[in-house]
Structure formats: structure tokens, C-alpha cells
1. Of B:Leu16, B:Leu55, which residue is in contact with a helix residue (DSSP H, G or I) (Cβ under 6 Å, 6 or more places away or on another chain), under 25 Å from B:Thr97 (Cα atoms) and in contact (Cβ under 8 Å) with a residue 12 or more places away in the chain?
2. Which members of region B:24-45 meet the condition of being exposed (fewer than 15 other Cβ atoms within 10 Å of the Cβ), more than 13 Å from every other protein chain (Cβ to nearest Cβ) and assigned to a loop (DSSP other than H, G, I, E, B)?
3. Scanning for something in a helix (DSSP H, G or I) and at negative phi, does region A:68-75 turn up at least one residue?
4. Just name the residue that is farthest from the other protein chains (Cβ to nearest Cβ) out of those in region A:25-60 that are free of Cβ contacts under 8 Å to residues at least 40 places away in the same chain, among the small types (Gly, Ala, Ser) and in contact with a helix residue (DSSP H, G or I) (Cβ under 9 Å, 6 or more places away or on another chain).
5. Just checking, which of A:Leu131, A:Leu118 is aliphatic (A, V, I, L, M), surrounded by fewer than 13 Cβ atoms within 10 Å (Cβ to Cβ) and in contact with a helix residue (DSSP H, G or I) (Cβ under 7 Å, 6 or more places away or on another chain)?
6. Could you list, in sequence order, all residues of region B:56-75 that are more than 10 Å from chain A (Cβ to nearest Cβ) and outside any loop (DSSP other than H, G, I, E, B)?
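Only the coordinates and a few stated rules stand behind these numbers; no lab work does. Remember, predicted model here, so these are calculated numbers, not experimental data. In this analysis, Cβ positions are derived from the backbone assuming ideal geometry, glycine residues included, and neighbour counts consider all displayed protein chains.
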Amino acid sequence: MKSIRDYVNEMFNEIPDSEQKDIMKQEIIQNLEEKVCDLMEQGKAEEDAINKAIIDFGSIEDIKKELIGKQPGVKNNAGLHLGYSIWGSALIIALSVFMNFYYTPRVIWFVYPTFAVLWWPLSMYFRWLKLK
Amino acid sequence: MLNSDIIRGHLDSIILRLIFEKDRYGYEISKEISLRTNDQFQIKEATLYAVFQRLEKKELIESYFGDITHGAKRRYYRITSLGKAYYRQQVEDWRMTKEIIDVFMEGLE
């Protein structure tokens, strides 16, 4: 019954590898093979039985949705990115303030880079709001 | 062969019910569904395993490997106490839904 195995392997090709996937693949192969045996006992030729089992199987889309939804990596990192942007921009602003008052205390210019840098945490903040 | 959206919305309950009765494995469940409905409803295997995956994720069922049959270990499913509670709730909900829908589906020629 190589053909059932081939068929299932092929179908699962597009799903990323995981332990879950392997377990489910084995389970499906085994159950389909049992179904083929049953169909053959009812008088079907092996080829017909395999074909029927494969047609009855349906579309892999449902399984794909369940398995892929479980993968890590889609987890929400927006909070981390926001925190990083706040700390990063605060350090850059602190540096420009220091440079401003240490080297050119008569000209206040640190406001300009401050405004430029603030876009970073601002955009991260809205991304975080959206994904929350 | 009937495969309507209405049934699809209750697949979880159908499968929970069968596992509630006793621990079962995949093919057994699909056979049982066809048998009990006189082949009026057959579940696609792809759908069945997607439901298993979902129910297991929600901790309504759990799986274990049984004895060796047909050269490999069968994967059996068992209902959890959460699953039993969920199923009972679903039964209750269905009873009420049925009453409501019947009001509009019955009695008109």
C-alpha cells in the first residue's frame, strides 16, 4: 500500500515540519490503510479501494489551518518592539542633549534630532495598538 | 450525501459524543458516523483530523497510543472532564436552539 503513503506524504509537503505533523501523518496513513483493507474486504479491487479512500479524504486545507495556527513565531512581538524603540530613542535623545549643552551651550539644536527620532517609538506605538 | 454548513457547525459535538461513549481511534469514528446516519452523512478524513487537532488544543480530548494493530500503534482519543462539561453544555444549547428554529420551520404547509 505504498500509494496511500505517497499520497499523504505529498499532501503534507506544503505544511511546515513539526512533531505534531509527523504524528498526524502516521495516524492518517494508518487509518487510511485500514479503510482500504475494509473496502477490499467488501469486494473492491485494491486500486479502486485506494482511489476511494483518497477521494473521501477531502481537502488538506482544514488540517493546514489547525496545524499552522499552532506554530510558534506568529506570536505578538509588538510590545517588545515598542519597548526597544522607547529605550533606543531615549538614549539617542539623551546623547544629543548632552552634546548640545556640553559643546554648544549657546545654540539650542537638540530639538531637531529629537523630533526626528520620536517617529520611531511613535510608529511602534501605533503598531502595538493595532496588534493588541 | 449531506454535507451542509449546519452539520459542520456541530462536528465538535458529534465527535465529542462518540468519544464520550468510549475511547475511539480515527477510522472507527468516521465509520461510526456513517453507520449511525445510514450513510446520509460521511465525514471527510481531512475534516476529522482537523477537528481532533482543534479539540486537543482546547483540551477537550486527549490522545494516547493503544496496542499494536495492523502493524502499528493506533492513536486513541479519550474525552477529558472539560470535554464532558463542554459536550453537556452543547447539548443544552442545541435543545434550546432546536426549539427556537422549530417555531419557524414547523407547521406551515
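1. B:Leu16
2. B:Asn38, B:Gln40
3. Restricting attention to region A:68-75, the residues satisfying the condition of being in a helix (DSSP H, G or I) are A:68-69.
Cutting the leftovers down to at negative phi gives us A:68-69.
So far as region A:68-75 goes, yes, one or more of its residues are in a helix (DSSP H, G or I) and at negative phi.
4. A:Ala49
5. Details: A:Leu118 fails: surrounded by fewer than 13 Cβ atoms within 10 Å (Cβ to Cβ).
Answer to the selection: A:Leu131.
6. Listed by number, the residues that qualify are B:Ile61, B:Glu62, B:Tyr64, B:Gly66, B:Asp67, B:Ile68.
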